[in-house]
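The values are calculated or read from the model by the stated rules, or taken from the named source; none is laboratory data. Everything quoted here is computed from the prediction, not taken from an experiment. Quick reminder, even Gly has a Cβ in these numbers, built from the backbone with ideal geometry, and neighbours come from all protein chains shown.
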Amino acid sequence: MKNKTNLIATLLALALIAGAIYWSGTSSMKNNTTENNAKAAREAKNSGTYINLSAQDFATALEKYKNDPNTILLDVRTMDEYNAGHIKGAKEVDYYAPDFMAKLSALDKNKRYFIYCRSGHRSGDTLQKMKSLGFKEVYNLQYGFNLSLIHI
């Protein structure tokens with residue numbers, strides 16, 4: 001009888017432990033599901049088109065959208081660089097200006113942006129900033145704007 005009581009007590013303890021493990025696992029699964037849903041929401045917010053384009057592809061895509069009012073061309077070089085020569089229709093937003101991020105944040109995130117700088121470094125960084133801010137469509141001139149190499 002004592003052996004039966006010990007066996008029942010042992011089985012009951014195992015059942016309680018198994019139940020505790022199960023419930024902690026489902027709680028963890030619920031937390032993982034919540035975390036996965038939050039991650040998916042963040043990714044959806046940041047989903048979009050972010051592409052580095054060669055000079056030829058940049059020129060072709062820009063030509064395709066040149067008459068679309070939802071297409072904006074941004075030159076992220078300094079005003080001196082911009083004044084020395086820029087792509088027709090480009091809006092200058094100086095990457096080095098103290099208010100650069102404020103200007104970038106104020107732009108309509110649902111429009112299509114083509115961005116460029118001299119060598120592609122500033123515009124590449126701007127592409128990443130725009131992605132993190134939730135812009136939907138951004139195209140970067142990968143190796144930058146060089147008046148002697150491209151004529152857009």
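Side notes on the structure shown:
- Pair list, Cβ under 8 Å, 6 or more apart: segment 127-145 residue over 19 Å from residue 66 (Cβ atoms) and in contact (Cβ under 8 Å) with a residue 12 or more places away in the chain, other residue surrounded by fewer than 16 Cβ atoms within 10 Å (Cβ to Cβ) and of a type in the set (A, V, I, L, M, F, W, C): 129/101
- Which listed residue is touching a helix residue (DSSP H, G or I) at 6+ places or on another chain (Cβ under 6 Å) and at pLDDT 95 or above, from 71, 126, 78: 71
- Residues (surrounded by fewer than 18 Cβ atoms within 10 Å (Cβ to Cβ) and in a loop (DSSP other than H, G, I, E, B)) located in segment 49-86: 54, 66, 67, 68, 69, 70, 78, 85
- Tally of residues being in a helix (DSSP H, G or I) and under 11 Å from residue 76 (Cα atoms) across segment 104-132: 8
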